[in-house]
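Below is one structure, written out as C-alpha cells; comments come after it.
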Amino acid sequence: MTDADRSRRFRLAPWPILLLSFVFVFGAAMSAWGPVNVLAWRGGEFPDVDPERPTYQQRIAEIGREQYGEQPDGARYFSRGDEVAVLDDGSSSAEGRWDAAFVSWVLNEAGLPVRPETAGDVDAWLIDDPLELAGAMADRGAYIDADDEPEFSPQIGDLIFYDYPGPFGHHVNIVVAVSGDVVTVGGDELGRVGLAHMNLRNRSGIMGWGATGRLEDPIAPEPSAAAGDANDGEAGETGEADPEFASDPTATPEDAPR
C-alpha cells in the first residue's frame, strides 16, 4: 500500500455523513431523555370523551374542544366568556405568554376556578403564570409533585406542569385523553391553541400535576377577625394546639409565587 492509498484510507468522512450521524444520535437522545411536551406529535382531531366520565371532566374537555376548533386570539383568555380583554397597552392582542391564562379561563368556564372571585377581586380566577398557577393549585391541595409521585396517572381535566431547560421555561396544559397516548390541549403552543400527543414512558420535563377533581371540594371560608380573636383567647387558656392535628401542607414548587 502506497502512502497515498494509506492517506485516502484514513481521510475524515465527508461532512454529510458526519451531519447525518449527529442528527441520528441527537434524535435518539432526545427521544429517550428530551422534554416530553417538546417532542410531542401535534395537531389532529380532538379526541372524544367517554360520556361515562365525571361531569367536570366532560365540561373541561368540551370547552377545550371548542377553543381548539375556534382558535381565538390569546387575549380572550384574560377576561370571562367570549369577551376580548383590553390589555394594559391598550391592545386586544396577547403579546406575552398566555398558556396559564388559557388554563385558568377553561377551568373558570367549567365552574372550577382555582381562585374564586371575591368582592375585592372579581378577576381572582385569572392566573397568567404557570408557577403561580402551580402554587394556587397547591393552596387547594391539588398540586402533585412529579418527584413525589413519579408514576402518577393523570385523568381527563388534570393539568401538567413542565419545567424546561434553557429558553423554554415553564409551561402548563390540560389533559383531554388518557387512553393510549396522553393528549393535551394548551394555550400559546406555537402561538395557538394546540393539541399534543405524548407517551408518558418518557416524563422528562414534567415537574408536577394539577388534580382538578380536587377543585370540586368547597373552599374553606376565611375566619373572621372576631373568630380569630376568640380563638386566640381560647389558645391562651388551653395552651398550644396539639401538633397531631396540625394541617399537613401540600408539596409546592419551591419557586412558585404565591
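The values are calculated or read from the model by the stated rules, or taken from the named source; none is laboratory data. No experiment lies behind these values; they were computed from the predicted model shown. Heads up, the Cβs are rebuilt from the backbone with ideal geometry, glycines too, and the neighbour counts pull from every protein chain shown.
Within the stretch 162-214, the set of residues being of a type in the set (S, T, N, Q) and surrounded by fewer than 23 Cβ atoms within 10 Å (Cβ to Cβ) comprises Ser179, Asn199, Asn202, Ser204.
Which one of Gly157, Gly141, Gly180 is free of Cβ contacts under 8 Å to residues at least 40 places away in the same chain and assigned to a loop (DSSP other than H, G, I, E, B)? Let's see the steps before the verdict.
Numbers: Gly157 fails: free of Cβ contacts under 8 Å to residues at least 40 places away in the same chain; Gly141 fails: free of Cβ contacts under 8 Å to residues at least 40 places away in the same chain.
Within the list Gly157, Gly141, Gly180, the selection yields Gly180.
Applying the criterion of being touching a Phe, Trp or Tyr at 6+ places or on another chain (Cβ under 8 Å) and among the β-branched types (Val, Ile, Thr) to the residues of the stretch 148-177, the residue that is farthest from Ala101 (Cα to Cα) is Val176. Taking the criterion of being on the phi < 0 side of the Ramachandran plot, under 15 Å from the mean Cα position of the chain (by Cα) and in a loop (DSSP other than H, G, I, E, B), the only residue of the stretch 160-172 that qualifies is Tyr164.
Gly81 meets the conditions (1) in a helix (DSSP H, G or I); (2) within 17 Å of Leu112 (Cα to Cα); (3) at pLDDT below 95 in every case but one. The failed one is (1). Does any residue of the stretch 139-147 turn out to be over 22 Å from Glu216 (Cβ atoms) and out of contact with any helix residue (DSSP H, G or I) (no Cβ under 8 Å at 6 or more places or on another chain)? Yes, the conditions are met somewhere in the stretch 139-147.
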